[in-house]
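Contents: one structure, followed by commentary.
The values are calculated or read from the model by the stated rules, or taken from the named source; none is laboratory data. Everything numeric here is computed off the predicted structure, so don't read it as measured data. Reconstructed Cβ throughout: ideal geometry from the backbone, glycine too, with neighbour counts over all protein chains shown. Side chains are part of the model used for accessible areas, which takes the heavy atoms of the whole protein and leaves out ligands, DNA and RNA. Shrake-Rupley method; radii C 1.70, N 1.55, O 1.52, S 1.80 Å.
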Amino acid sequence: MPSVLIKNIGVLVTGNLKNPLRNADSIYIEDGIIRATGNGLNQRADIVTDARGMTAIPGLVDSHSHPTFGDFTPAQNSLSWITHYMHGGVTALISAGELHLPGLPLPPDPQTAVALALVAKRCYDNLRPAGVKVHAGTLLLVPGLKEADFDTIAAAGIRLVKFIFYDYSLLPNGEAERYVDWARKRGIKVKIHSGGVSRSGVSQVAGFDIVSRIRPDIVGHITGGPIPMPEKDVERIVAETDYYVEICSSGNARMVLSLMRAVTAKSAFDRVLIGTDTPGGTGIIPRGMLREVCFLSSVVGVPPERAICMATGNVGRAHGLAIGILEEGRAADLVLMDKIHGSVAKDALDSFAKGDLPGISVVMIDGEIRVGGRSQQTPPPERTAVIEE
Ligand SMILES: [Zn+2]
């Protein structure tokens, strides 16, 4: 695999909220791994990329997506959507469950739910559309699962389960709490569909009382997917629990403002995750992650380098995955971007702060250049990388 040296980076965003900006203008990559980051690196490399002062950020990690079959989603009859998302800076997708499978009886019976998770996991382990890392096989929790089912999914490498179709009138029997314990014992994270009923029409409504009874790791689309829980419940989850809280493009923008007021009051920025909750019923939004970072930066007032952490490092940490951080020893998943010609901003971060979409020049996954020059999904950035082999 060719080694890569990226030089003349203007601003480097790490994806790590503790230290979101780093004083470094070069990155050296070997075997798809970042080996060195610093100023004026001059290692001999097979490929030299001149970033010409652009901003480098970790590849975006969509915290909530709905892949079904490879790069095809029947929910929107859309082909190549993952490739389009990659052109929007996305290098990893985390599945919130493959529930939009045509004909799938909802809620699925336990055997079908386990089988579906295993098939999705095995297929995406064997296929990376446009190089994108698809973390799929999320088990949809339904009544009647056995502890052995959790052994089965853990053995397959599945690291996420989700409450969406569970019948919460059964909570007094303790089964849901046992599911959470069985998952935790195996290093599997628990997500819950929060708020109102989903497009399926058969998901259960979950506000503060249900969510705090389940004790999930991640409250899926707390600001709506598409309908949020009541505002007071959102505030209580931030104030009274330590769960991760996910903001999705499918949701309610007014509730994002409420959520972020509560997050700011508690200094809980490390708990905020960004996803799209797409395709589902919302559609294909290749620039969805960028738009959400833009909204948080320009409307909510989160510094852009911190909003980027919510779309990268925070998502990896919440899901127990070593993705979303740009530093030595990590996979070289990164994006080079700049302001778009005509924007009043001075660079990519200033674009986010002013509410302007930045333009993408390079997307790299595992050290491999997937977009080199300009993205097909953003207008061209003012500066573009010069790549010499
Ligand atoms: Zn969803």
Among Thr68, Ser375, Asn16, the residue whose Cα sits farthest towards the positive end of the charge dipole of the chain, when +1 is placed on the Cβ of each Lys and Arg and -1 on the Cβ of each Asp and Glu, is Asn16
Charge dipole of the stretch 60-286 about the Cα centre (unit charges at C-beta), most positive-ward option of Gly196, Gly97, Ile158: Ile158
Taking Cα centroids, how far is the stretch 146-194 from the stretch 258-316 in Å? 26 Å
HN-Hα J in Hz across the stretch 338-346 - Karplus 6.51, -1.76, 1.60, θ = phi - 60°, x for Gly and Pro: 8, 4, 8, 3, x, 6, 7, 6, 9
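Give me the tail of P(r) for the stretch 60-286 as a percent: Cα-Cα pairs with distance above 23 Å.
Numbers: 11227 of 25651 pairs.
Value for the stretch 60-286: 44 percent of Cα pairs lie more than 23 Å apart.
Which links in Lys7/Lys339; Lys191/Lys354; Lys266/Lys354; Lys121/Lys162 stretch past 23 Å when you go from one Cα to the other?
Beyond 23 Å between Cα atoms: Lys191/Lys354; Lys266/Lys354.
Packing-wise, with mean Cβ within 10 Å as the measure, how do 53-59, 324-330 rank, highest first?
Peptide ranking by packing, descending: 53-59, 324-330.
Assign unit charges at the C-beta atoms only (+1 for Lys and Arg, -1 for Asp and Glu), then state the dipole size of the stretch 60-286 relative to its Cα centre in Debye, rounded to the nearest 20.
Numbers: 22 positive and 22 negative charges, 65 e Å.
In debye, rounded to 20, the stretch 60-286 gives about 320.
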Accessible surface, per residue, of the stretch 28-162 when the full set of protein chains is kept, probe 1.4 Å, Å²: 36 Å²
With a 10 Å radius around each residue's Cβ, average the other Cβ atoms per peptide and rank 152-160, 260-268, 308-316, highest first. 308-316, 152-160, 260-268
Taking the full set of protein chains and a 1.4 angstrom probe, give the accessible area of Arg199 in square angstrom, rounded to the nearest 10. 140 Å²
Among Ile218, Thr112, Val134, pick out the residue whose Cα is farthest towards the positive end of the charge dipole of the stretch 60-286, where Lys and Arg carry +1 and Asp and Glu carry -1 on C-beta, about the Cα centre. Val134
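Kyte-Doolittle mean at least -0.5 and Cα extent at least 20 Å along the axis: which DSSP H helices of the chain qualify?
Details: long enough: 110-125 (23 Å, 0.42).
Helices meeting the span and hydropathy rule in the chain are 110-125.
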Assuming a ≥ b ≥ c are the square roots of the Cα gyration tensor eigenvalues, decide whether the stretch 133-196 counts as rounded (a/c under 1.5), prolate (otherwise, with a/b larger than b/c) or oblate. oblate
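For the stretch 221-282, what is the charge dipole size about the Cα centre, in debye to the nearest 20, if Lys and Arg each add +1 at the Cβ and Asp and Glu each add -1 at the Cβ?
Numbers: 6 positive and 8 negative charges, 36 e Å.
Its charge dipole is roughly 180 debye.
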What ranking of Ser194, Ser212 comes out by heavy-atom accessible area, probe 1.4 Å, highest first? Ser212, Ser194
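So what is the 222 nm mean residue ellipticity for the chain from helices alone, if each DSSP H run of at least 4 adds -39500 (n - 2.57) and you divide by all residues, rounding to the nearest 500 deg cm²/dmol?
Details: 11 runs with 101 residues, N = 389.
Result for the chain, helices only: -7500 deg cm²/dmol.
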Mind listing P(r) for the chain? All alpha-carbon pairs, 10 Å bins, whole percents. 5, 25, 33, 24, 10, 2, 0
For the stretch 71-112 and the stretch 209-240, write down the distance between their C-alpha centroids in whole Å. 24 Å
The set of residues whose placed amide H lies less than 5 Å from the amide H of Ser194, leaving out same-chain residues fewer than 5 positions away, is Gly220
Can you bin the stretch 284-367 into rounded, prolate or oblate? Criterion: square roots of the alpha carbon gyration tensor eigenvalues sorted a ≥ b ≥ c, rounded for a/c under 1.5, prolate for a/b above b/c, oblate for the rest. prolate
Heavy atoms only, probe 1.4 angstrom, no DNA, RNA or ligands counted: give me Thr282, Thr73 ranked by accessible area, highest first. Thr282, Thr73
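Taking all protein chains in place and a 1.4 Å probe, what share, in percent, of the accessible surface of the stretch 60-286 do carbon and sulfur account for? Mind showing how you got there, number by number?
Values: 4290 of 8010 Å².
The computed percentage sits at 54.
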Cα centre as origin, Lys/Arg/Asp/Glu Cβ charges: the chain dipole, Debye: 420 debye
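Just the accessible area per residue of the stretch 220-369, please: how many Å² with a 1.4 Å probe? Let's see the in-between values first.
Numbers: 4880 Å² over 150 residues.
It amounts to 33 Å² per residue over the stretch 220-369.
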